[in-house]
1. So who's got an amide H within less than 5 Å of the one on ASN267, skipping anything under 5 residues away but keeping other chains? H placed 1.01 Å off N, in plane.
2. Please say if the stretch 222-264 is rounded, prolate or oblate, where rounded means a/c under 1.5 for a ≥ b ≥ c the square roots of the C-alpha gyration tensor eigenvalues, and otherwise the choice is prolate for a/b larger than b/c and oblate otherwise?
3. Add +1 for every Lys or Arg and -1 for every Asp or Glu among the other residues with Cβ under 9 Å from the Cβ of GLY151, and state the total.
4. Determine, from the Cβ-Cβ distance of GLU277 and PHE320 and an R0 of 30 Å, the FRET efficiency 1/(1 + (r/R0)^6), rounded to the nearest 0.05.
5. Of ASN234, ILE163, GLN128, which is farthest on the positive side of the dipole of the stretch 127-245, counting Cα position, with +1 on Lys and Arg Cβ, -1 on Asp and Glu Cβ, and the Cα centre as origin?
6. With θ set to phi - 60°, apply the Karplus curve 6.51 cos²θ - 1.76 cosθ + 1.60 along the stretch 285-297 and write out the HN-Hα couplings as whole Hz, x wherever there is a Gly or Pro.
7. Classify the stretch 229-311 as rounded, prolate or oblate, taking a ≥ b ≥ c as the square roots of the eigenvalues of its Cα gyration tensor: rounded when a/c is under 1.5, otherwise prolate if a/b is larger than b/c and oblate if not.
8. Might you report the magnitude of the Cβ-based charge dipole of the stretch 80-197 about its Cα centre, with Lys and Arg at +1 and Asp and Glu at -1, to the nearest 20 debye?
Amino acid sequence: MKKKSVLSILLLSVMLLSAACSGGAAEQQTTEQVAEEPTSQPAQSIDADWVISSSASEGPGSLKDAVSQAVSGDVIAFDPSTFDPYAPVVIYLTEPLFLGVGGITIDASNVGVILDGSMGPETAFNIQSSDNVIQGLKITNFSLAGIVVDGEGNPEEAMHNIIGGDHATGVGPYGQGNCLVANGDGISIQRGASENTITGNLIGMEADDSSNGNQSNGIIIQADAHRNVIGPRNNIANNGQTGVMIYGGSRGNTITQTAVFNNGNGNVLCQNGGNYELELLINQIESIDKEQGHISAWINLNGENVSIEIYSGDGSGPRFFEGEVGEIEPGENGDYHINFSKESPFNGEYIYISGYDGEGNSTMFSEAIDSGMVGASNPAGDNSITNCENQYEDAKQAISTVLNNPQVVWQETFDNMNQMDHWYLEGDISVENGMLVLPPSGFRPMNSTEAVAYYAAESGFEGGSQAVHVTLSFMGARNLMVGASYKGTDSYEEFGFGGGSTDQILVNFQPSSDFPSPNPYIEVQASEGSYAAALLEGDEIFIEENKIYEVLIVIDNQQQEFVAVMWEPCNFESALVARLQNDPKLSELTSAGKPWGFSIYQSGGENTVTVDNIEYIAYEGLLQP
């Protein structure tokens, strides 16, 4: 029901009181009138034009009823006696809520309201007007998108809408922010919709930080949608495709002060001309001091009046906004020198950089930056101090083509030798600039002990299928073997304490051109010295010195299969794939669910092998490589 002004309510109260004193007939008539009113009769303490007190999909007191009757300037709120902020109530929508008038505010910041699309509607809100505000809602199970902001091809049709707000304002689970989970896309901004703001929302994650990703993108901006702002204070994570996709002719869209991490095929992608596909290239890292929150570097961003932001996080992406760079000195040809210090420690292990130009076009995030990159240069400007643009994101996407729903559950980044006590080390092994260095001349094993038990406990996959992802570089090594080692013990807890003989399944990399064959190859060595035939698929990789490669080792207990994949970063389409199936020993080990560890052996050569970024991965099924 439309709520009256406070003055009107006071006058009505006086009139009702006078009527009650003048006779019983008037009192009975008033009682009947009240009984006929919808249940959405607003509480006088709620400052709103409409107060929703029914969880029905339609009818008096429903959200649909209020949205269909509201006029520009109206505020729609919810009765906390029906929608308890500590026990949210579900409204099962049967059709989208259409905002075609404009200037409507829907405020659930002090209550608990869940809009659920499992009854069939493709979206919760179809916004084809301007100046609307949506706050405090959980929106889930809509097949197309939780919210669609649609300009219908007119850049002035859907402008200045605000999705979210200050998550610290209000007593509801999300404050003024919204939670968009388990939809097709979280939010779609499309067909010319412009100058809209997405702020303070959880997209792909719950209030307790648990994962509940949208099937495709957290946010997609497409079809000539311009000058929209994503930020500040959004958390966009765990979505099946990308965190933020900016696509097609959509330009001037800004991502600022927003954490975007652990999304399936990339955290931020600009494709088919979206944001002009503006790139931020890292030319050189001059210095990093994680304890002081400091980084200085030369970057390249082909734009003017640029703004640069610093984030930190883990290997899955930027989880923490650290601040905006105040010291930016322009060089030549789009080069900029940046100097950033927050005088307190970075929150995450890795550093990420992003930026946007004077027209608001945001870049994708940089690769993960660590102290080991200090001094490394990239004069070719290929957006990577290693081999390619966004190497980590590319590796995540590659792994997702092999493994269904891969989740990194343990990671080793080799910051220093003091953190290496959970590995069995032999020989003059060292850590230099965040890399594990395996020296030449001799057989140098590195066997995980407590590490594998820690991984098993964290993943909940004890006895189940597991995988390892390694980034490494051949520095002239003659032979490198990466393998899975099964011990004769039945528990992960006892893995590091003996357990009898070890059965091994090894992948052999032979960088040398003259041993044992003219061309480099991948070979799977099964147990007890026997060699099983491994199918070799993909283009040949000539393994070069001083070049980085990605290696994925997979043991699938359900399919009783061993898979090894090797590729150059950002070149997965040319990967080498070796698969071992129907091997008696492999079947014996996988069917028994024996615990296994991970090993690297390097022998021969005049130089070394360097290893970085070892990850243990849990997954839900083996896809075709």
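1. Correct list: GLY243.
2. Numbers: a/c = 3.67, a/b = 1.36, b/c = 2.70.
Oblate, since a/c reaches 1.5 and b/c is not below a/b.
3. Values: positive: ARG191; negative: ASP150, GLU152, GLU156, GLU157, ASP224.
Cβ neighbours under 9 Å give a net charge of -4.
4. Working: r = 26 Å, r/R0 = 0.87.
About 0.70, to the nearest 0.05.
5. Checking the options against the dipole of the stretch 127-245, the answer is ASN234.
6. 9, 7, 7, 9, 9, 5, 5, 9, x, 10, 8, 10, 6
7. Working: a/c = 1.93, a/b = 1.31, b/c = 1.47.
Oblate.
8. On the way: 2 positive and 13 negative charges, 60 e Å.
The dipole magnitude comes to about 280 debye.
We did not get these values from a lab; they are worked out from the coordinates using the rules stated. Only a predicted model underlies this, so the values are computations on that prediction, with no experimental measurement involved. Cβ: placed from backbone, ideal geometry, glycine included. Neighbour counts: every protein chain shown.
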